[in-house]
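Here the structure is laid out as structure tokens; the discussion comes afterwards.
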Amino acid sequence: MALTEQLAKTEKISPQNANLRKRAVAVFSRATAQTERAIRSIGSDLHDGPGQYLSLASLRLDRALNAPHTPTKNADLVREALAKALNELRIISRGMALPDLDHLKATALIDRAILDHHRQTGLDVSVDHAFETEPELNYAQKLCVFRFLQETLSNATRHAEVDTVRVSAASDLQSFTITVADAGRGFDPARPHEVRSDGGQGLFGLTDRAESIGGNLAIASAPGKGTTLSLTLPFEENAT
């Protein structure tokens, strides 16, 4: 009788726990969307505000410092300081910058991330994302997919030492999955993941981001055997 009563209580609590989990995922998805929109706005402000003023100052100072009797050493120091400031602002704004994900469908989002990376690195990426029906992703899921592509393509360029990478995406009624595969150096997945010192997410950050909105990140790799990473996002957790 005690076991029966305990089972009945467990069956009653289980749906409540599932509902709480869905609500938690929905709340985090909305918070993530708001945070990333704010970051995108800051990145744009850095580029359009201080960046533009520094560029203008650099041009004006060039004229002033090229005038007769201007100390060469001081001129070189000012130019160097301005160049460093502009470079750091560009790095910060690029890291924060995101396209307008709200109005991008999954296919366009994937193509945009790949094109951005190709322009920066020249890496060739083959793409397979022929959907029968375009999957509907919310903002947090779009953001997760975009960051996943940024990080995995960057890893392939920096570590895998390959000329080409394969990207494929598929969806059904239950979930959306995107996979990035290369035939490069590979690594040991059992090695502890760490937060990158350069501000990149790394696999640790990608795993946390995926799990925070109900998804998961699968890693298949071995030294000398290439790397395949798959991000899966369930539609039942979809929250706008």
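If I stretch the segment between Arg79 and Asp163 completely, what's the gain in nm (0.36 nm per residue apart, minus their alpha carbon distance), one decimal? Don't skip to the end; give the middle numbers.
On the way: separation 84, 0.36 × 84 = 30.24 nm, distance 3.71 nm.
Computed gain between Arg79 and Asp163 is 26.5 nm.
If you keep only loop residues by DSSP, which chymotrypsin sites (Phe, Trp or Tyr not before Pro) in segment 92-165 have at most 16 other Cβ atoms within 10 Å of their Cβ?
Qualifying residues, ordered by number: Phe131.
Values in this text are rule-based calculations from the coordinates and carry no lab data. This is a predicted model, so every value here is computed, not measured. Here Cβ is always computed from backbone atoms with ideal geometry, including for glycine, and neighbour counts include all displayed protein chains.
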